[in-house]
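Nothing in this text is a laboratory measurement; each read-out follows from the coordinates by a stated rule. Owing to the predicted nature of the structure, the values given are computational and were not obtained by experimental measurement. Ideal geometry is used to build each Cβ from the backbone, glycine not excepted, and the neighbour counts take in all protein chains shown.
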Amino acid sequence: MNHNLFALFQTRFPRDLDRHFLETPEGRTLSYRGLEHQSACLQRVLKEQGIAPGDRVVVQIEKSPLALALYLACLRCGAVYVPLNTAYTPRELAYFLADAAPQVLVVRPEAVDELASAVAAAGVAQVLTLDADGNGSLATLADAGSPDHSVAIRNRHHLAAILYTSGTTGRSKGAMLTHDNLASNALALHRTWGFVPQDVLIHALPIFHVHGLFVATHCMLLNGSGMFFLPSFDADTIIDMFPRATVLMGVPTFYTRLLQHPQLTAARCAHMRLFIAGSAPLLPDTFKAFEQRTGQRILERYGMTEAGMITSNPLEGERVPGTVGFPLPGVEVRVCDRDGNRVIDAVGILEVRGPNLFKGYWRMPDKMATEFRADGFFITGDLATIDTHGRVAIIGRAKDLIISGGYNVYPKEVENAIDGIAGVDESAVIGLQHADLGEAVAAVVTLQPGADLDEAGLISRLQGKLARFKQPKKVIFVDTLPRNAMGKVQKNELRARFAHIRFET
Ligand code: MCA
Ligand code: AMP
């Protein structure tokens, strides 16, 4: 049996291949026949560039239909797809290139020059370009030859993708995901959320993370139906589409922003059957406000890069705000203390096991011992409870992580960058409540004697070092950082002390 995920998708393509796979707000469409053709042409290009099964293809490109076809082309030829956030700076990209050691890099045309030294240092063989309109050397090459309709044979252990997730040490780790990981999760979600051939998804998420690339796109590919494919979140466009769509997937910020829109009404949403939220906690207030305005109860689910989706509130049955529902079919969860002992009726760290669980971190075999239990459960670092019915609630995080608008920011990485600025003594980076983004990055900083640095000056020195979404939205200067007896900075105390700070949105 071929475990290639693309082969699974092909079995689900609609009988009428001229059916739309996607439509953009400007009315551009791509049919399933077109998707098959484009991914076959791109596969031929990748092979011409020397790509063999197992080789990595790193991409940092804008969201576009051709970008999705490129992902499918990588699956087809057995390459390992490595998507990167478009907000990363060249300096950040250099790390990923050195770590992933790709054969091919695909970037925006204007990024080629600024990446030249990182490309040379990492020994990347081929650099191709693609812009948001589908132009660039990759597209030119794809148009210049014939399609290769083959699908490489892959077994259950072969990698389909590596997705980087920042580590608590500040060093990003590449989560290795197999074709089987992705297939099992996609099939479980497709069933759990009750997709039917008439479904039309509104896709407004980025396609370099699990949520937009796998959860949203895979459900539609398994369903053989279509989606509205937006370059990014835009409340006006989304509300315009409600009468022609049935499902929206989004981070909580999507819902808080939609609630601010005067045209969000029950009548506008009457054709929609399902609103799904995840990637960060959905506040019960948002859930309730959305229900009052639209009559729709948002379905919250929970997941992470290393395991795809783990739990979901039910399609039929009670969707309880503040909880993330039940494990998906085939997925096991438990809560344990730090030593791995099961805790009952109390908060513990959620652990997960199942066919969705990744194979390990790329080139970090030592992490297997620290992040997995001997019986194969993975330690998520999320604090959770499981009630007597098996319903999971995420209560907080045992890991030092900020989730801002659905993007993860690891404080350690930001602290390292701030501590490297001349005049800074030390820093502690925390998340503070933000009405739009859920949490916002804030830095509490002590300065060396005589240092002349203000908030704007400090932030300006982070340009080019850290992606914008990781940079602090607030810098607070203090004389000393609070520490416990062990000398560890007390971030809880800082969060409490500065909880009153309000951000402009
Ligand atoms: C943009 N900016 C941000 C963020 N996004 N700052 C902090 N946090 C953010 N998330 C900054 C930009 O750098 C820019 O700063 C300014 O805000 C405006 O940028 P723009 O691109 O216009 O932003 P936006 O359109 O307002 O975007 C906000 C957004 C977007 C719609 C919430 O961030 C988004 O689509 N987030 C979804 C992320 C996601 O897909 N997460 C899933 C991860 P300046 O003006 O200063 O330059 S997968 C996952 O977590 C697991 C597996 C799961 O469970 O799903
Ligand atoms: P990532 O590393 O980008 O995959 O982010 C995964 C993390 O997002 C999880 O470990 C959780 O901390 C968080 N997360 C995802 N979905 C939810 C949710 N519904 N509620 C609370 N936290 C969530």
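Figures for the structure shown
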| quantity | calculated |
| --- | --- |
| Stretchable slack from residue 456 to residue 484, in nm (0.36 nm times residue separation minus alpha-carbon distance) | 7.1 nm |
| Alpha-carbon radius of gyration plus Dmax, which is the widest Cα pair, for segment 13-129 in Å | 15.1, 48 |
| Computed over the chain: relative contact order in percent, which uses C-alpha pairs under 8 Å that are six or more apart | 12 |
| Inter-part distance where segment 32-68 and segment 115-157 are each reduced to a Cα centre, Å | 6 |
| Residue 399 versus residue 259: modelled label distance in nm, points set 7 Å from Cα along the beta carbon direction | 2.7 |
| Label-point separation, residue 10 to residue 336 (7 Å along Cα→Cβ), nm | 4.1 |
| Amide proton proximity set for residue 80, modelled H, under 5 Å, gap of 5+ | 54, 55, 56, 57 |
| Sites residue 19 and residue 52 - FRET efficiency at Förster radius 35 Å, r taken between beta-carbons, to 0.05 | 0.60 |
| Per residue convex hull volume, Cα atoms of segment 248-361, in Å³ | 129 |
| Sorted peptide list for 472-479, 271-278, criterion being average Cβ within 10 angstrom, highest first | 271-278, 472-479 |
| Modelled FRET efficiency - R0 30 Å, residue 496 with residue 366, Cβ distances, 0.05 increments | 0.25 |
| Pairwise FRET efficiency - residue 389 versus residue 28, Cβ, R0 = 41 Å, nearest 0.05 | 0.35 |
| Convex hull projection area averaged over all views, the chain, Cα basis, nm² | 24.1 |
| Label-point separation, residue 237 to residue 503 (7 Å along Cα→Cβ), nm | 2.3 |
